[in-house]
Amino acid sequence: MWDKKPDAGPTEAENVYIGSFHNSCQNYASRFFEHWVILSAKHGFLFPQDMIHSNYNVAFNSKSPEIISIDKLKQQIPEKKLADFDELVVLGGKKYRKVVEQAFGSNYSYKYPLNDCKGIGYMLQKLNNSLLINKEITDSSKENKY
């Protein structure tokens, strides 16, 4: 967001991430789920209204020291009352799946609606189609219960 509006200042998380894939994930999550969070490689689990104070460029597959640790993510789960849910729907690729599973552990049921997609373009298409027909993706979701 700050790349396009460098003087924006602190901004709510739901308005920070402006890429088409993130926007489709956010639209999907807000349409089909009452509770949802954004997983940031720097800040961890963010509610849509959580404030982000400055730009950053960190990804889970990078070697940056700014990447949030799994231990910190585990601390955020009770702090943000995320442990109250027994099913987690993960929108994203394999790197997010791995991080979420490491943070939450084995007491949860996981769904991966985009698991069968071969790349971000396919994920985007699947999300946008689901939004267009107003139907949650269920047919190819793969559940995983440890």
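Please treat every number below as a calculation from the coordinates, not as lab data. Only a predicted model underlies this, so the values are computations on that prediction, with no experimental measurement involved. Don't worry about glycine lacking a Cβ; one is built from the backbone with ideal geometry, like all the others, and counts go over all protein chains shown.
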Which of K74/K126; K95/K135; K74/K95; K81/K135 have a Cα-Cα distance over 19 Å?
K74/K126; K95/K135; K81/K135
Cα centroid separation - the range 12-34 against the range 70-108, whole Å:
18 Å
Contour excess over end-to-end distance, with Cα ends at S30 and D71 and 0.36 nm allotted per residue
12.0 nm
Hey, with R₀ at 25 Å, roughly what FRET efficiency would S106 and E79 work out to, going by the Cβ-Cβ distance, to 0.05?
0.75
If I build a Gaussian network model for the chain, linking alpha-carbon pairs within less than 10 angstrom, which residue out of Y110, Y122, Y17 has the largest mean-square fluctuation?
Y122
